[in-house]
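Participant: Here you go, one structure.
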Amino acid sequence: MLATVLTGCSNSGANTNLKTNTNQTSGEQTGGNQPSGDNGNAEQSGAEGKWELGSDPLEFRMYGHYSWYDVPGWDSTVAGRWIKENKQVNILSVSAGGNHEQKLSTMIASNDLPDVIWMDRGAEVERLRDMGMLVPFDDYLDKYPNLKTWMGKDLNMLRSKDGKLYQFPNWYTGRPNGNAGYVINKKIYEELGSPTLETTDDLYSYLVAVKQKYGNSVVPFEPHLAKDLQGLGVLYTAFGENVLYSYLSASLRAVPKDGSLTSVFHDATFREAQKYISKLYRERLISQDAFTQTLDQIEEKVMQGRVAVFAGASPFIAMNGHQELTKKDPDAGYFMIWPIHKQGLDKDKIYPGTYTSLGWNVSVITTAAKDPEKIFAFLDWYTGPEGQSLLFFGPEGENWKGFDAEGYPNFTAEYDADEVAKLQMDQDPIMWNGNTGFIDPAKMKYESTLPKEKQNWAARYQSEITWKTQANATEFVNLDPDPDSDLGIIKQRVDDIFTQAYAQSVMAKSDEEVDSILDKFGKDAESAGYSQLLEFRTKAWKQNKALLGN
């Protein structure tokens, strides 16, 4: 997911489902509006006792609670060096060592917590809060108003059971965003006569044609990380209007029906999709190692142009592949298409991806921090216009200078698109507090001035396709029980059962076997307590809907 934050969440950029914007006072905004002209920077005068970022040094330790991620060296990026030199902020990295769960447990047991933890929302955060290890932000929100201003009332969705706010969101938004969808290899497509690619029947015929012409040298359909449901989950949405990718996720594993969350195992749309996917798999139209391959292996195939159709929650590694392929052959590269749909369905009601107003993950400040208010002030500046512009366009003065009347960067005549693209890629690992509502319009302000062939690849397809075809799934957040509770144990069992059922049904040898597999595992899930989990999640879902006014 990290590799897709830039192109997934903000770009929203990307990951995974997935994004805020306003400028009303006192947090009354609802998201999606424009910022005020003052930019909400931390240096502004205002609330009594406010600390000014850069007035004196600030150093803190930060830890990323993921096995695949370590906080980069602060001096390793342009933004980090600039902030260190100009704002006197230095961030020290705490490594997970490839085993994040053990690392966090060890830090808790030894009472040696970092000052900031970057992590998923939910149960793990609540566990730390229950142990009294997190600092609430409520006293800081008015002093440092960027987060409150840009996120608005949806910020309340992040509050804990005690009513306080402990989580600083990443890629929160009040506007559609996300990158899920289908990427097509341009060279292969044109060599096959540029056929219509709109329906699931069209897609099947196309994949067969790819296999017939290119044999084993090209993968007809590359589903990214199938073990995480990636491109196969995207295909699921082709079989139903308003069907969401999120229904299959570990945080939901259910389908809304008649006001309740119901079993995914018995969902007719899911079964139809699995039969289609299974057919593709047994005809070798899908990567046969889809459930075991690594990201590096996938990226290598995409970069070399050895995939015909690439789908995923954020398939934007194809942007790098596009750039490399077109260097060698201007007629090569990749493009995106409108989401595939089953014949007879409304193509404008197909949503291959989702987003939530809460965004992706969060930063929490622990009680180990000596200066929690100063850390919050930095995070709030980081999520504001100046911090976001630094991350995406570099230090002020070269690519941009000052802000326009709407609060977005004024881009200079010296704007270097290649440099900006490299900056964004290099600084992707330190985008911890992405503000989608600010950065998306800021990016498009520049891109909209260019002809399509010169626009940034990701920005072009976001504006033309992906942002228009992602669904808001905010109502389905925060549905997980405490992992140490009886329901938490049931959830883990159901997750394990679903994972087995999913892989086995994809590899089934017939439609009848797909049904048999889902029947069996559906019964196993019921025996494990699935009904209790669905009841719990239905109640939490209805509470969310009430909070959101739905």
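The values are calculated or read from the model by the stated rules, or taken from the named source; none is laboratory data. Quick caveat, the model's predicted, so the values are computed rather than measured. Note that each Cβ is placed from the backbone with ideal geometry, even for glycine, and that neighbours are counted across all protein chains shown.
Participant: Could you tell me whether W467 is within 30 Å of I83 (Cα to Cα) and either modelled with pLDDT under 90 or out of contact with any Lys or Arg (no Cβ under 6 Å at 6 or more places or on another chain) (or both)?
Facilitator: no
Participant: In addition: Name the one entry in Y461, Y446 that is modelled with pLDDT of 90 or more and surrounded by 20 or more Cβ atoms within 10 Å (Cβ to Cβ).
Facilitator: Answer to the selection: Y461.
Participant: Something else about it: Which of (1) under 27 Å from S531 (Cα atoms); (2) assigned by TED's automatic domain parsing to the domain that holds D120 is the odd one out, the single condition A458 does not satisfy?
Facilitator: Condition (1) is where A458 drops out.
Participant: Mind checking which residues of region 315-353 are buried (at least 17 other Cβ atoms within 10 Å of the Cβ), part of a helix (DSSP H, G or I) and not hydrophobic (A, V, I, L, M, F, W, C)?
Facilitator: The answer is N320, G321, H322.
Participant: With respect to the numbered conditions (1) outside any loop (DSSP other than H, G, I, E, B); (2) within 26 Å of the chain's Cα centre (by Cα); (3) farther than 20 Å from S505 by Cα, which one is the sole condition not fulfilled by S205?
Facilitator: (2)
Participant: Further question: Taking into account only those residues within region 420-441 that are closer than 24 Å to Q323 by Cα and polar (S, T, N, Q), which is surrounded by the fewest Cβ atoms within 10 Å (Cβ to Cβ)?
Facilitator: If we take residues in region 420-441 being closer than 24 Å to Q323 by Cα and polar (S, T, N, Q), then Q427 is surrounded by the fewest Cβ atoms within 10 Å (Cβ to Cβ).
Participant: Within region 293-335, can you find the residues that are among the hydroxyl-bearing types (S, T, Y) and within 22 Å of the chain's Cα centre (by Cα)? Working first, answer last.
Facilitator: The initial filter retains those residues of region 293-335 that are among the hydroxyl-bearing types (S, T, Y), namely 294, 314, 326, 334.
Within region 293-335, T294, S314, Y334 qualify.
Participant: Look through G231, G240, G305 and report the one residue that is surrounded by 16 or more Cβ atoms within 10 Å (Cβ to Cβ), closer than 28 Å to T538 by Cβ and either touching a Cys at 6+ places or on another chain (Cβ under 6 Å) or not assigned by TED's automatic domain parsing to the domain that holds S527 (or both).
Facilitator: Exactly one residue qualifies, and that residue is G240.
Participant: List the strands (runs of 3 or more DSSP E) inside region 354-455, counting only whole elements, that have at least 3 residues being closer than 30 Å to Q230 by Cα.
Facilitator: 362-365
Participant: Additional query: Those residues that are surrounded by 17 or more Cβ atoms within 10 Å (Cβ to Cβ) and of a type in the set (S, T, N, Q), I need them from region 385-419; list them, please.
Facilitator: Q388, S389, N399
Each row is one residue, and each column tells you yes or no for (1) closer than 19 Å to A377 by Cα; (2) in contact with a helix residue (DSSP H, G or I) (Cβ under 6 Å, 6 or more places away or on another chain); (3) not assigned by TED's automatic domain parsing to the domain that holds T436.
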position: G132; (1), (2), (3): no, no, no
position: Y140; (1), (2), (3): yes, yes, no
position: Y144; (1), (2), (3): yes, yes, no
position: T149; (1), (2), (3): yes, no, no
position: L155; (1), (2), (3): yes, no, no
position: L158; (1), (2), (3): yes, no, no
position: L165; (1), (2), (3): yes, yes, no
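Participant: Go through (1) closer than 26 Å to D346 by Cβ; (2) at pLDDT 95 or above; (3) buried (at least 18 other Cβ atoms within 10 Å of the Cβ); (4) of a type in the set (S, T, N, Q) one by one and return the number of the condition N185 breaks.
Facilitator: Looking at each condition in turn, N185 falls short on (1).
Participant: Can you report the number of residues in region 521-541 which are basic (K, R) and either surrounded by fewer than 16 Cβ atoms within 10 Å (Cβ to Cβ) or at pLDDT below 95 (or both)?
Facilitator: Residues meeting the conditions: 2.
Results for (1) in a loop (DSSP other than H, G, I, E, B); (2) more than 19 Å from W432 (Cα to Cα); (3) touching a helix residue (DSSP H, G or I) at 6+ places or on another chain (Cβ under 7 Å), shown as yes or no for each residue.
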position: G80; (1), (2), (3): no, no, yes
position: L92; (1), (2), (3): no, no, no
position: G97; (1), (2), (3): yes, yes, yes
position: W118; (1), (2), (3): no, no, no
position: V125; (1), (2), (3): no, no, no
position: L128; (1), (2), (3): no, yes, no
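Participant: Let me ask you something else. Of everything in region 63-77, what is surrounded by fewer than 16 Cβ atoms within 10 Å (Cβ to Cβ), of a type in the set (S, T, N, Q) and more than 18 Å from the chain's Cα centre (by Cα)? Give them in sequence order.
Facilitator: Of everything in region 63-77, just one residue is surrounded by fewer than 16 Cβ atoms within 10 Å (Cβ to Cβ), of a type in the set (S, T, N, Q) and more than 18 Å from the chain's Cα centre (by Cα), namely S76.
Participant: Using the structure shown, decide if G178 is surrounded by 19 or more Cβ atoms within 10 Å (Cβ to Cβ), part of a loop (DSSP other than H, G, I, E, B), at negative phi and at pLDDT below 95. Please lay out each step first, then the result.
Facilitator: Values: surrounded by 19 or more Cβ atoms within 10 Å (Cβ to Cβ): yes; part of a loop (DSSP other than H, G, I, E, B): yes; at negative phi: no; at pLDDT below 95: yes.
When the stated conditions are applied, G178 does not pass them.
Participant: Scan region 542-549 and tell me whether some residue there is in contact with an Asp or Glu (Cβ under 6 Å, 6 or more places away or on another chain), exposed (fewer than 15 other Cβ atoms within 10 Å of the Cβ) and either part of a helix (DSSP H, G or I) or not assigned by TED's automatic domain parsing to the domain that holds K275 (or both).
Facilitator: The answer is yes; a qualifying residue exists.
Participant: Now for a different question. If a residue must be aliphatic (A, V, I, L, M) and either in contact with a strand residue (DSSP E or B) (Cβ under 9 Å, 6 or more places away or on another chain) or not assigned by TED's automatic domain parsing to the domain that holds W82 (or both), how many such residues does region 397-411 contain? Walk me through how you get there before you give the answer.
Facilitator: Initial filter on region 397-411 (aliphatic (A, V, I, L, M)): 405.
Subset that is either in contact with a strand residue (DSSP E or B) (Cβ under 9 Å, 6 or more places away or on another chain) or not assigned by TED's automatic domain parsing to the domain that holds W82 (or both): none.
Counting residues in region 397-411 that are aliphatic (A, V, I, L, M) and either in contact with a strand residue (DSSP E or B) (Cβ under 9 Å, 6 or more places away or on another chain) or not assigned by TED's automatic domain parsing to the domain that holds W82 (or both) gives 0.
Participant: If the Cβ limit is 9 Å and pairs must be 6+ apart or interchain, which residue in region 191-212 that is under 18 Å from A332 (Cα atoms) pairs with which residue that is acidic (D, E)?
Facilitator: P195/D202
Participant: In addition: Quick check: is even one residue across region 474-486 buried (at least 23 other Cβ atoms within 10 Å of the Cβ) and in a strand (DSSP E or B)?
Facilitator: The answer is no; no qualifying residue exists.
Participant: Can I ask one more? Name the pairs: first residue in region 241-269 and within 19 Å of A313 (Cα to Cα), second residue basic (K, R), Cβ to Cβ under 6 Å, at least 6 apart or on different chains?
Facilitator: Short answer, once both residue conditions are applied: E241/K349; N242/K349.
Participant: Could you give me the residue pairs with C-beta distances under 7 Å whose first residue belongs to region 365-380 and is farther than 20 Å from V125 by Cα and surrounded by fewer than 24 Cβ atoms within 10 Å (Cβ to Cβ), whose second residue is of a type in the set (S, T, N, Q) and modelled with pLDDT of 95 or more wherever it lies, and which are 6+ apart or on separate chains?
Facilitator: none
Participant: Next up: Which of the residues spanning region 515-537 are under 17 Å from Y236 (Cβ atoms) and within 30 Å of the chain's Cα centre (by Cα)? First the steps, then the outcome.
Facilitator: Step one: filter region 515-537 for residues under 17 Å from Y236 (Cβ atoms), giving 515, 517-518, 521-522.
Passing the criteria: L518, F521, G522.
Participant: Would you check if T149 is surrounded by 21 or more Cβ atoms within 10 Å (Cβ to Cβ) and not in a loop (DSSP other than H, G, I, E, B)?
Facilitator: So T149 passes the test.
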